[in-house]
Each structure stands twice: as C-alpha cells, then as structure tokens.
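The values are calculated or read from the model by the stated rules, or taken from the named source; none is laboratory data. Note that the coordinates shown come from a computational prediction; the quantities given were computed from them, not determined experimentally. We place every Cβ from the backbone using ideal geometry, glycine too, and count neighbours over all the protein chains shown.
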Amino acid sequence: MQIVNIAELKNNLSHYLRQVRQGNEITIKDRNRVIARIVPAAPTADYDEELLELAAQGKVKLPEIPPTAEDVAKELKRKLPRLKSKGKKAEEVMKRIWEEERGEY
C-alpha cells in the first residue's frame, strides 16, 4: 500500500491509477492526515447485472474479494432459524414475510 499526498496524486494520477489496476491500494493524505483510499474495483465478471446495478445505487456493497464456490456452498447449507411458535400466529408471520418479499404489503 502506497501513501501519497494530494499534490503528488494530482501530478501523477495516471501512474497511480495504473498501480490500482494492477491490484495495489493507494492511501491519500491531506496535510499528513489520511482522507481516502483508492482500491481496485471488484471484477465485474463475477457478479450479475442486477447486483452491479444495486451496488452502483449504493443499496448493497460488494465484497472486495468475490466469494468462492465453496463459500457459497457453505452458506447454502447453513441452517436457518425457525419460528418457535406454531399455529395461527406463525402462519400470519410467514404470510406477512411473503407479502413483503413480493412487494404486496
């Protein structure tokens, strides 16, 4: 990780952007105080268009390193919490969740 002041970054922007494209991270300082970081963008080929659109809108944040197939498989096998109550109340809760998921609320 390189640390540069604003003036240095401004004067050699192309050089530093090349380094970011190669996977390096640049930390930017203003008067010896860190104000920002330039990090490589996540590869777009690993995400579908809808997810990229949500990230562009700021609604989701993509991980810096895309998940591996093994990570996804582990997550899919994870047990989800279950409702403890049974009967009408549980049924109402599930119906409400389904309606919210479908935008019917």
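Annotations for the structure displayed:
- Residue within segment 60-68 that is modelled with pLDDT of 80 or more, assigned to a strand (DSSP E or B) and β-branched (Val, Ile, Thr) present: no
- Exactly one residue out of Arg18, Arg37, Arg31 is at pLDDT below 95, at positive phi and among the charged types (D, E, K, R): that is Arg31.
- Residue pairs whose Cβ atoms lie under 9 Å apart, sitting 6 or more positions apart in sequence or on different chains, and linking a residue in segment 64-84 that is among the charged types (D, E, K, R) to a partner that is in a helix (DSSP H, G or I), are Lys84/Ala90.
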